[in-house]
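Values in this text are rule-based calculations from the coordinates and carry no lab data. Predicted, not measured: the structure shown is a model, and the values here were computed from it. Neighbour counts run over all protein chains shown; Cβ positions are idealised from the backbone, glycine included.
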Amino acid sequence: MPQFSNPFVGNVPDRKMTLEELVRAMRLNVAAEEDATSLYMAHAEATDHPLAKKVLIDIANEERVHVGEFNRLIQLLTGDEDKWLADGAAEVDDMAREVGAPAPATDDAPKTTVGSLKE
C-alpha cells in the first residue's frame, strides 16, 4: 500500500482528523485501490487458470467501484473536485484533437448498435 502523505501509518491518531486530513486520507485510499487493481489485473494476466483469472478480474473490478466511491466522497467533502477533474478531461480532449485521436464519446453522440451496423 502506498505510504506517501499518510500521517497515521498503522496507528489511529489520538484525535479526529481535520477535513483537510480526511480528504488527504481519501486520496490515499484511492491510490491504494488503484494499486490493488493493478496488482490483481497483473496476476490475472499472468495466469491461464480460468477460475483464478475470473476471481482476480472480479476483485479488480470491485476495487474500481471503491475508487468511484472514494472519488464521490472527495467531491462531497471538497465541493470542487468535479471542476478539477473536468478541467483535466478537457485538456486531454484538446490534446486528442491535436493529434487526430477519435473524438470522446458524449451522451449526445449517436449510439452504435449491432442493428445500426447492418446495411
> Taking 0.36 nm per intervening residue step and subtracting the Cα-Cα distance, what contour gain separates Ala89 from Val23 on full extension?
Replying inline: 21.6 nm
>> What aspartates and glutamates does Lys54 reach when the alpha-carbon gap must be under 15 Å and sequence neighbours fewer than 8 apart in one chain are set aside?
In response: Glu45, Glu62, Glu63
>> If I take R0 = 25 Å and measure r between the Cβ atoms of Arg64 and Lys16 in this structure, what FRET efficiency does the formula 1/(1 + (r/R0)^6) give, to the nearest 0.05?
In response: 0.30
>> For the stretch 30-87, compute Rg over Rh where Rg is the Cα radius of gyration and Rh is the Kirkwood radius from the inverse mean 1/r over Cα pairs.
In response: 1.16
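Just how large is the dipole of the stretch 19-101 about the Cα centre, in debye to the nearest 20, putting +1 at every Lys and Arg Cβ and -1 at every Asp and Glu Cβ? Don't skip to the end; give the middle numbers.
On the way: 8 positive and 19 negative charges, 56 e Å.
Here the stretch 19-101 has a charge dipole of around 260 debye.
Among 26-33, 89-96, 39-46, what's the highest-first ranking by average C-beta atoms within 10 angstrom per residue? Spell out each step's value before the answer.
Working: 26-33: 18.9, 89-96: 11.0, 39-46: 14.4.
Put in order of decreasing packing, that is 26-33, 39-46, 89-96.
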>> Given the options Leu39, Pro50, Gly68, identify the residue whose Cα lies farthest towards the positive end of the charge dipole of the stretch 19-101 (+1 on Cβ of Lys, Arg; -1 on Cβ of Asp, Glu).
In response: Pro50
> Arranged by the count of other C-beta atoms within 10 angstrom, fewest first, what order do Leu73, Leu19, Leu85 take?
Replying inline: Leu19, Leu85, Leu73
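Treating only the Cβ atoms of Lys and Arg (+1) and Asp and Glu (-1) as charged, compute the dipole magnitude of the stretch 13-52 about its Cα centre; round to the nearest 20 debye. Walk me through the intermediate numbers first.
Values: 4 positive and 8 negative charges, 57 e Å.
Roughly 280 debye for the stretch 13-52.
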